[in-house]
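The values are calculated or read from the model by the stated rules, or taken from the named source; none is laboratory data. If you're wondering where the values come from, they're calculated on a predicted model, not measured in any experiment. A quick note on method: Cβ atoms are made from the backbone with ideal geometry, for glycine too, and the neighbour counts reach across all protein chains shown.
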Amino acid sequence: MTELSINVNGQSQVVNVDPTTPVLWVLREHLGLTGTKYGCGKAICGSCTIHLNGTPIRACITPVAACTSGKITTIEGLSENNNHPVQKAWVEAQAPQCGYCQSGQIMQAVSLLKNNTNPTREEIKSYLSGNLCRCAAYMRIINAVEIASKIS
Ligand code: FES
Ligand code: FES
(Lines give C-alpha, C1' and ligand atoms only; values in the text may rest on other atoms or scores of the structure.)
(Ligands and ions follow the chains in the order given, each with its own letter.)
Protein backbone atom coordinates (compact mmCIF):
# COMPACT_ATOMS: atom_id res chain seq x y z
CA MET A 1 0.00 0.00 0.00
CA THR A 2 1.14 3.52 -0.79
CA GLU A 3 -0.24 6.87 0.22
CA LEU A 4 -1.20 8.72 -2.93
CA SER A 5 -2.72 12.13 -3.46
CA ILE A 6 -5.23 12.60 -6.25
CA ASN A 7 -7.37 15.53 -7.29
CA VAL A 8 -10.97 14.49 -7.88
CA ASN A 9 -13.67 16.95 -8.87
CA GLY A 10 -11.56 19.84 -7.64
CA GLN A 11 -10.75 18.32 -4.27
CA SER A 12 -7.48 16.87 -3.13
CA GLN A 13 -7.86 13.35 -1.74
CA VAL A 14 -5.32 11.09 -0.06
CA VAL A 15 -5.78 7.35 -0.49
CA ASN A 16 -3.79 4.43 0.79
CA VAL A 17 -3.78 1.87 -2.01
CA ASP A 18 -1.71 -0.37 -4.22
CA PRO A 19 -0.56 2.10 -6.93
CA THR A 20 -1.53 -0.38 -9.65
CA THR A 21 -5.19 -0.35 -8.54
CA PRO A 22 -7.42 0.86 -11.36
CA VAL A 23 -8.62 4.35 -10.51
CA LEU A 24 -12.20 3.12 -10.99
CA TRP A 25 -11.97 1.17 -7.73
CA VAL A 26 -10.38 4.05 -5.89
CA LEU A 27 -13.25 6.29 -6.95
CA ARG A 28 -15.94 3.77 -6.11
CA GLU A 29 -14.56 1.95 -3.09
CA HIS A 30 -12.39 4.56 -1.38
CA LEU A 31 -14.16 7.79 -2.26
CA GLY A 32 -17.73 6.56 -2.59
CA LEU A 33 -18.14 8.03 -6.08
CA THR A 34 -20.28 5.27 -7.50
CA GLY A 35 -21.60 7.19 -10.49
CA THR A 36 -18.77 5.74 -12.57
CA LYS A 37 -19.70 2.18 -13.49
CA TYR A 38 -17.86 -1.08 -13.97
CA GLY A 39 -18.82 -2.91 -17.13
CA CYS A 40 -16.18 -4.96 -18.89
CA GLY A 41 -12.98 -4.09 -17.05
CA LYS A 42 -11.14 -4.24 -20.36
CA ALA A 43 -11.57 -0.79 -21.92
CA ILE A 44 -14.22 -2.14 -24.27
CA CYS A 45 -17.57 -0.80 -23.05
CA GLY A 46 -16.94 2.78 -21.91
CA SER A 47 -19.16 2.63 -18.83
CA CYS A 48 -16.23 3.67 -16.63
CA THR A 49 -15.38 6.80 -18.65
CA ILE A 50 -14.02 9.70 -16.61
CA HIS A 51 -11.88 12.68 -17.56
CA LEU A 52 -8.22 13.14 -16.71
CA ASN A 53 -7.24 16.74 -17.41
CA GLY A 54 -10.34 17.01 -19.57
CA THR A 55 -9.57 13.97 -21.71
CA PRO A 56 -11.81 10.92 -21.49
CA ILE A 57 -10.09 7.83 -20.12
CA ARG A 58 -11.20 4.35 -19.16
CA ALA A 59 -10.98 4.21 -15.39
CA CYS A 60 -11.08 0.40 -15.35
CA ILE A 61 -7.64 0.06 -16.90
CA THR A 62 -5.94 3.23 -15.67
CA PRO A 63 -3.79 2.71 -12.58
CA VAL A 64 -4.41 5.27 -9.87
CA ALA A 65 -0.69 6.06 -9.91
CA ALA A 66 -1.11 7.41 -13.45
CA CYS A 67 -3.61 9.97 -12.17
CA THR A 68 -1.64 11.60 -9.38
CA SER A 69 -0.39 14.54 -11.41
CA GLY A 70 -3.67 15.34 -13.14
CA LYS A 71 -7.19 16.46 -12.44
CA ILE A 72 -9.88 13.80 -12.44
CA THR A 73 -13.48 14.65 -13.22
CA THR A 74 -16.24 12.15 -12.66
CA ILE A 75 -19.96 12.39 -13.42
CA GLU A 76 -20.45 13.73 -9.89
CA GLY A 77 -18.11 16.62 -10.67
CA LEU A 78 -19.77 17.81 -13.86
CA SER A 79 -22.13 20.15 -12.05
CA GLU A 80 -23.38 20.85 -8.54
CA ASN A 81 -27.05 20.36 -9.26
CA ASN A 82 -27.08 18.00 -12.22
CA ASN A 83 -27.55 21.06 -14.39
CA HIS A 84 -24.64 20.74 -16.78
CA PRO A 85 -26.02 21.38 -20.29
CA VAL A 86 -25.34 17.79 -21.28
CA GLN A 87 -27.16 16.48 -18.22
CA LYS A 88 -30.10 18.77 -18.97
CA ALA A 89 -30.18 17.55 -22.56
CA TRP A 90 -30.11 13.95 -21.35
CA VAL A 91 -33.22 14.59 -19.30
CA GLU A 92 -34.94 16.40 -22.15
CA ALA A 93 -34.21 13.54 -24.56
CA GLN A 94 -35.12 10.91 -21.93
CA ALA A 95 -31.96 9.13 -23.07
CA PRO A 96 -31.51 6.35 -20.50
CA GLN A 97 -33.25 3.03 -20.35
CA CYS A 98 -31.65 1.05 -17.48
CA GLY A 99 -29.13 3.85 -17.04
CA TYR A 100 -26.06 1.74 -16.41
CA CYS A 101 -24.00 3.04 -19.34
CA GLN A 102 -25.20 6.60 -19.10
CA SER A 103 -22.57 8.31 -16.96
CA GLY A 104 -19.91 7.02 -19.33
CA GLN A 105 -21.95 8.19 -22.33
CA ILE A 106 -22.35 11.64 -20.78
CA MET A 107 -18.65 11.98 -19.96
CA GLN A 108 -17.77 11.03 -23.53
CA ALA A 109 -20.35 13.47 -24.91
CA VAL A 110 -19.03 16.31 -22.76
CA SER A 111 -15.60 15.72 -24.23
CA LEU A 112 -16.96 15.73 -27.77
CA LEU A 113 -18.81 19.00 -27.30
CA LYS A 114 -15.77 20.64 -25.77
CA ASN A 115 -13.88 20.03 -28.99
CA ASN A 116 -16.76 20.25 -31.46
CA THR A 117 -19.66 22.45 -30.43
CA ASN A 118 -21.87 21.53 -33.37
CA PRO A 119 -21.24 17.90 -34.31
CA THR A 120 -23.18 16.09 -37.01
CA ARG A 121 -25.05 12.91 -36.12
CA GLU A 122 -22.29 10.94 -37.83
CA GLU A 123 -19.64 12.70 -35.75
CA ILE A 124 -21.62 11.99 -32.58
CA LYS A 125 -21.97 8.33 -33.53
CA SER A 126 -18.29 8.05 -34.28
CA TYR A 127 -17.08 9.79 -31.10
CA LEU A 128 -19.37 7.73 -28.89
CA SER A 129 -18.79 4.46 -30.74
CA GLY A 130 -16.67 3.07 -27.89
CA ASN A 131 -19.48 3.57 -25.39
CA LEU A 132 -21.75 0.57 -25.54
CA CYS A 133 -25.36 0.47 -24.42
CA ARG A 134 -26.88 -2.93 -23.78
CA CYS A 135 -30.33 -1.37 -23.89
CA ALA A 136 -29.52 -0.01 -27.36
CA ALA A 137 -30.69 3.48 -26.45
CA TYR A 138 -28.36 4.85 -29.10
CA MET A 139 -30.89 6.96 -30.98
CA ARG A 140 -31.94 8.78 -27.83
CA ILE A 141 -28.30 9.24 -26.79
CA ILE A 142 -27.50 10.82 -30.15
CA ASN A 143 -30.60 13.00 -29.85
CA ALA A 144 -29.43 14.09 -26.41
CA VAL A 145 -26.01 15.12 -27.71
CA GLU A 146 -27.70 17.11 -30.47
CA ILE A 147 -29.89 18.89 -27.93
CA ALA A 148 -26.85 19.55 -25.74
CA SER A 149 -24.99 21.09 -28.66
CA LYS A 150 -27.76 23.65 -28.98
CA ILE A 151 -27.87 24.59 -25.30
CA SER A 152 -24.13 24.40 -24.54
S1 FES B 1 -15.58 -1.02 -17.53
FE2 FES B 1 -14.08 0.26 -18.36
S3 FES B 1 -14.40 0.20 -20.49
FE4 FES B 1 -15.80 -1.26 -19.69
S1 FES C 1 -29.30 2.48 -20.89
FE2 FES C 1 -29.06 0.42 -20.25
S3 FES C 1 -27.02 -0.06 -20.85
FE4 FES C 1 -27.38 1.88 -21.72
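Summary of values
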{"quantity": "Search result, residues across segment 122-136 that are closer than 21 Å to ILE50 by Cβ and away from ligand 1 (no atom under 16 Å from the Cβ)", "calculated": "ILE124, SER126"}
{"quantity": "Within segment 106-118, considering residues that are more than 12 Å from ligand 1 (Cβ to nearest atom) and part of a helix (DSSP H, G or I), the one surrounded by the most Cβ atoms within 10 Å (Cβ to Cβ)", "calculated": "ALA109"}
{"quantity": "Residues of segment 92-105 satisfying the condition of being away from ligand 1 (no atom under 16 Å from the Cβ), surrounded by fewer than 24 Cβ atoms within 10 Å (Cβ to Cβ) and either of a type outside the set (S, T, N, Q) or part of a helix (DSSP H, G or I) (or both)", "calculated": "GLU92, ALA93, PRO96"}
{"quantity": "Residues (over 17 Å from CYS67 (Cα atoms) and within 16 Å of ligand 1 (Cβ to nearest atom)) located in segment 1-48", "calculated": "THR34, GLY35, LYS37, TYR38, GLY39, CYS40, GLY41, LYS42, ILE44, CYS45, GLY46, SER47"}
{"quantity": "Odd one out for MET139, checked against (1) in the same structural domain as GLY32 (by TED's automatic domain parsing); (2) away from ligand 1 (no atom under 16 Å from the Cβ)", "calculated": "(1)"}
